[in-house]
Amino acid sequence: MRRIPRGIWVLLAANVVIALGYGLIAPALPAFARSFDVSFTAASAVVSAFAVMRLLFAPATGRLVTVFGERRIYLIGLLIVAASTFACAFAHTYWQLLLFRAAGGIGSTMFTVSAMALLIRMSPGDIRGRVSGYFSAGFLIGNITGPLIGSALVNFGLRMPFVVYSIALLIASVVVATQLRDQGGRPDPSVAAPAGVVGFRSALHDNTYRAILSSNFVQGWASMGVRVAVVPLFITDGLDEGAAMAGVALAVFAVGNVAAIVVAGRLSDGLGRRPVMLPGLAIAAVATAALGFAPNLLVALALCLAAGAGSGLFAPTHQAALADVLGNRQQGGSALAAYGMSSDLGAVSGPIIVGFVADRAGFAPAFLLTGAVTALAFVMWCVADETAPAVVGGGPHLTDVERDTDE
């Protein structure tokens with residue numbers, strides 16, 4: 001079996017640290033926002049503000065990566081998020097918290113687009129699913145332990161998790177700076193860009209790429225947006241449980257993710273992307289729709305586990321499908337930026353819309369809406385083409401005729 005390149009292991013290690021810090025603040029963020037005596041919608045907007053800046057800055061990030069290289073933009077992004085998170089710890093008004101958290105979105109999109117560009121370029125075609133699975137698992141390992149630690153840190157005050165997260169990001173910066181010296185440097189202007197660059201317009205003609213955008217939108221809406229912003233509110237305000245139990249719910253979701261990710265990558269390399277994507281989306285849709293009807297904490301935790309498992313099946317698999325579609329390509333690029341933006345668009349709109357519905361109609365209709373959005377992505381994947389090299393044979397999914405330079 002082909003060995004995974006060393007650079008990917010470095011990215012995985014950094015991902016664990018980043019996700020650990022992100023998980024630390026997940027239980028505290030909505031409660032911290034609510035401590036300023038604001039509505040559910042306003043509390044959810046703090047989560048969305050982070051994603052808004054990611055969404056707005058994504059196109060520019062693709063070009064920055066092309067000019068300065070993945071590694072440098074990755075490091076700058078980590079430092080920006082570290083600084084903004086530290087500032088959040090000292091916010092004294094709701095609007096300060098909103099502003100500082102939004103600023104972190106700029107750095108976040110810088111290091112996530114850079115990491116994805118490196119993964120696509122470094123991943124051999126026959127193990128793309130396994131690489132994507134490990135990368136997602138690294139993020140989820142942090143997400144499992146992060147909310148648990150964050151729930152404990154809440155006992156020392158809602159500001160403490162933000163301080164610890166900023167330190168975790170500084171550690172991740174050191175790991176990347178010292179261990180990823182030979183990857184993602186400044187591009188050599190004397191070397192021509194590789195042929196066959198996939199632009200957004202040409203990629204959009206491909207039904208698999210459109211399906212990838214839809215499922216990544218769901219990932220942003222449900223797993224990154226609603227899960228972080230609304231699920232904790234449902235646990236605390238809908239089921240009258242403490243803030244610590246909100247952290248436990250997020251950790252249980254992450255456990256389901258890891259359990260599925262362990263097998264999803266290898267299965268998608270051998271069986272294909274669609275046979276793994278479709279069950280994952282179906283499970284996530286049903287479990288999420290039912291969550292708002294949970295009568296007690298035990299049922300809610302069981303549904304969080306199921307929703308996490310569904311997400312764990314499709315999240316790494318559509319990342320592998322993206323690498324199939326784009327192939328080995330130059331740094332940055334509009335098709336890659338659009339992929340990141342689809343998730344951010346979901347993370348922006350999901351918490352606001354679902355928070356608004358929860359305010360006006362209750363949690364049950366809010367989670368039903370999220371289940372319906374997930375079901376739409378399921379339909380998109382029903383008509384998508386298979387792209388896994390082991391199933392279809394050969395290299396990237398798009399033909400040379402379909403490739404262009406519309407970057």
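What to note about this one:
- Separation of alpha-carbon centers, the stretch 254-299 and the stretch 110-138, rounded to whole Å: 20 Å
- Accessible area of Y134 in the full protein assembly, 1.4 Å probe (Å², nearest 10): 70 Å²
- Across R71, R3, the residue with the most accessible area heads the list, and the full order at a 1.4 Å probe is R3, R71.
- Cα pair distances exceeding 27 angstrom across the stretch 1-129, given as percent: 27 percent
- Only helices enter the 222 nm calculation for the chain: every DSSP H run of n ≥ 4 contributes -39,500 (n - 2.57), and dividing by all residues gives -25000 deg cm²/dmol, rounded to 500.
- Projecting label points 7 angstrom from Cα along Cα→Cβ for A13 and V174 puts them 1.2 nm apart.
- Sorted peptide list for 7-17, 356-366, criterion being average Cβ within 10 angstrom, highest first: 7-17, 356-366
- Carbon/sulfur fraction of accessible area - the chain, other protein chains in place, 1.4 Å, %: 70 percent
- Angstrom value of the Kirkwood radius, inverse mean 1/r, which spans all Cα pairs in the stretch 252-319: 11.7 Å
- Distance-filtered residues of the stretch 307-326 - backbone nitrogen under 17 Å, label point 7 angstrom along V262 Cα→Cβ: 307-314, 316
The values are calculated or read from the model by the stated rules, or taken from the named source; none is laboratory data. This one's a predicted model, so the numbers in the text were calculated from it and none came from an experiment. Virtual Cβ from ideal backbone geometry, glycine too; neighbours counted across all protein chains shown. When the accessible area is computed, the model is the full protein with side chains, heavy atoms only, and any ligands, DNA or RNA have been set aside. Shrake-Rupley method; radii C 1.70, N 1.55, O 1.52, S 1.80 Å.
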